[in-house]
1. Of the residues 3, 19, 41, which is under 24 Å from residue 102 (Cα atoms) and either at pLDDT 95 or above or surrounded by fewer than 16 Cβ atoms within 10 Å (Cβ to Cβ) (or both)?
2. In the set 33, 8, which member is in a helix (DSSP H, G or I), modelled with pLDDT of 95 or more and out of contact with any strand residue (DSSP E or B) (no Cβ under 7 Å at 6 or more places or on another chain)?
3. Of all residues in region 150-164, which are on the phi < 0 side of the Ramachandran plot, assigned to a helix (DSSP H, G or I) and free of Cβ contacts under 8 Å to residues at least 24 places away in the same chain?
4. Considering only residues that are closer than 14 Å to residue 51 by Cβ and surrounded by 20 or more Cβ atoms within 10 Å (Cβ to Cβ), look in region 121-135 and name the one that is nearest to the chain's Cα centre (by Cα).
5. Go through (1) surrounded by fewer than 20 Cβ atoms within 10 Å (Cβ to Cβ); (2) touching a helix residue (DSSP H, G or I) at 6+ places or on another chain (Cβ under 8 Å); (3) closer than 21 Å to residue 62 by Cβ one by one and return the number of the condition residue 206 breaks.
6. Considering every residue within region 57-74, establish whether at least one is in contact (Cβ under 8 Å) with a residue 24 or more places away in the chain and under 15 Å from the mean Cα position of the chain (by Cα).
7. Of all the residues that make up region 165-196, how many are in a helix (DSSP H, G or I), in contact (Cβ under 8 Å) with a residue 60 or more places away in the chain and under 26 Å from residue 123 (Cβ atoms)?
8. Can you pull out every residue in region 95-129 that is assigned to a loop (DSSP other than H, G, I, E, B) and in contact (Cβ under 8 Å) with a residue 24 or more places away in the chain?
C-alpha cells in the first residue's frame, strides 16, 4: 500500500478539523477575535519560530542526502534571516516591541509543542521530524484556504487580521506548503503499514498540540 500526506489527515479527521476550524481561526476570519488574544498568540509565535529554527538545524543533522541537507539549510536561513525579522516588524505594528519579545517566557502550550517536535526528531529520523512539523508547515496554508472558502470571512481593511490571512494565502507560502506535501508524499509512499501507524501517532499528537496552541491564544493562558 502506498501512503500519502492525505492519509495522515484521514488518520485523525476530528483532530485535524478541530485544528483547521478552531474558534481562534474562525474569530480571526470573522474579525471578532479579541486584540489581546491575537497579541498573546503573536508573542508566543515568535518564541515558536525560534524553536522552529532549531528544528531545521536538527533536520540538517538528520539529513541522509545532500538534497535534504540543502533543504534544511534553506529552511533555517529563511527563518533566521527573514521570517523572524518580519515577525518582529509585524509585532511592532501590534504594539509589541522587540525588547518585550526578548524577555517573554514560553507558555506551556509553546513548550509542549516545540519540545515535542524536537524530541520526536531526536528520537526518530528526518521523516518523523517532518511529520511532527507538518501541522504547522502545511496546516497554516490549509487554514488560509479554509478561511477563504467561507462566506463569513471578512477581508480587507474591515478585518484587522487580514494581513495574517494574506501571509498564508500568498503564493510563496502556498508553494512552500505544496513542496512539503510533495516531499512527504514521496517518503510516505515507501513506508510499511506498521511504520505509517507510528507516523500517524506523531501526526495526531502534533495536531493536538497545535490545537492547544490556539487554545493558549484564545484563553490568554501562560
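1. 41
2. Answer to the check: 8.
3. As a first pass, look at region 150-164 and keep what is on the phi < 0 side of the Ramachandran plot: 150-155, 157-164.
If we keep only those that are assigned to a helix (DSSP H, G or I) too, we end up with 157-158, 162-164.
Selection gives 157, 162.
4. Looking at residues that are closer than 14 Å to residue 51 by Cβ and surrounded by 20 or more Cβ atoms within 10 Å (Cβ to Cβ), I get 133.
5. (1)
6. We begin by selecting, within region 57-74, every residue in contact (Cβ under 8 Å) with a residue 24 or more places away in the chain; these are 58-59, 62-64, 68, 71.
Adding the requirement that they be under 15 Å from the mean Cα position of the chain (by Cα) leaves none.
Scanning region 57-74 turns up no residue that is in contact (Cβ under 8 Å) with a residue 24 or more places away in the chain and under 15 Å from the mean Cα position of the chain (by Cα).
7. Final tally of qualifying residues: 8.
8. Scanning region 95-129 gives 95, 96, 104, 105, 106, 107, 124, 125.
The values are calculated or read from the model by the stated rules, or taken from the named source; none is laboratory data. Bear in mind that the values here come from a model prediction, so they are computed numbers and not experimental data. Positions of Cβ are backbone-derived with ideal geometry, glycine not excepted, and every protein chain shown enters the neighbour counts.
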